[in-house]
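No lab work stands behind these numbers, since they all come straight from the coordinates. No experiment lies behind these values; they were computed from the predicted model shown. Heads up, the Cβs are rebuilt from the backbone with ideal geometry, glycines too, and the neighbour counts pull from every protein chain shown.
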Amino acid sequence: GAAFGAALVAVLIFMFAPRSGVFVIVLTAAYGAFAYTLYSIAVAHANDHARAEDFVKVSGGLLLLYGFGTMIGPLLAAALMGSVRPEGLFLATALAHLSLAGYTLLRIRARAPVPIENRDAFKTQPADRAVTPEATRLDPRRKIETNS
């Protein structure tokens, strides 16, 4: 849903950007509301399907994919911006978000969701400027380590 919403708003920005300043600012805020939540949603879904001992591997894989996207995305967006107009940036992100939404739909059909009783309880992490590894002690899924 969030990827499709980001794609829809990005297309609207692409269409209306040359004509309406205030409307585009509102649309850009809506775009951010959809697009900036995608990584968190992806991490949550990946961790729902991962075993507790695989959290680090899963996070590493997601960061690697995110890094790959941050390298390739600007190259593709710049090419599209050069051939269309500067607002082509939003067209490029719309294509990326539509690709993500399509992949998500395929995965929904291919794999059953994790049953609610098998999901771990949601636990918020402290929103502090000085977050340390000690915050991971709050994660109810972690294994208690013993010093023996």
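Brief remarks follow.
- Multiplying each eigenvalue of the alpha-carbon gyration tensor of the stretch 20-76 by 5 and taking the square root yields semi-axes of 30, 16, 5 Å, largest first, rounded to whole angstroms.
- Extension gain (nm, one decimal) between H49 and L65, 0.36 nm per residue minus Cα-Cα: 4.0 nm
- Listed peptides 10-20, 61-71 by packing density, highest first (mean Cβ within 10 Å): 10-20, 61-71
- Förster radius 35 Å - calculated FRET efficiency between L75 and R107, Cβ distance, rounded to 0.05: 0.85
- Per DSSP, loop trypsin sites (Lys or Arg not before Pro) in the stretch 55-120 with at most 13 further Cβ within 10 Å: R111, R119
- Once the gyration tensor of the Cα atoms in the stretch 1-129 is diagonalised, the equivalent ellipsoid follows with semi-axes of 31, 16, 15 Å, ordered largest first.
- The residues packed around M15, meaning those with a beta-carbon under 14 Å from its beta-carbon, carry a net charge of +1 if Lys and Arg are +1 and Asp and Glu are -1.
- In terms of surrounding Cβ atoms within a 10 Å radius of their Cβ, E87, E53, E117 rank from fewest to most as E117, E53, E87.
- For V58 and S83, a Förster radius of 35 Å and the Cβ-Cβ distance give a FRET efficiency of 0.40, rounded to the nearest 0.05.
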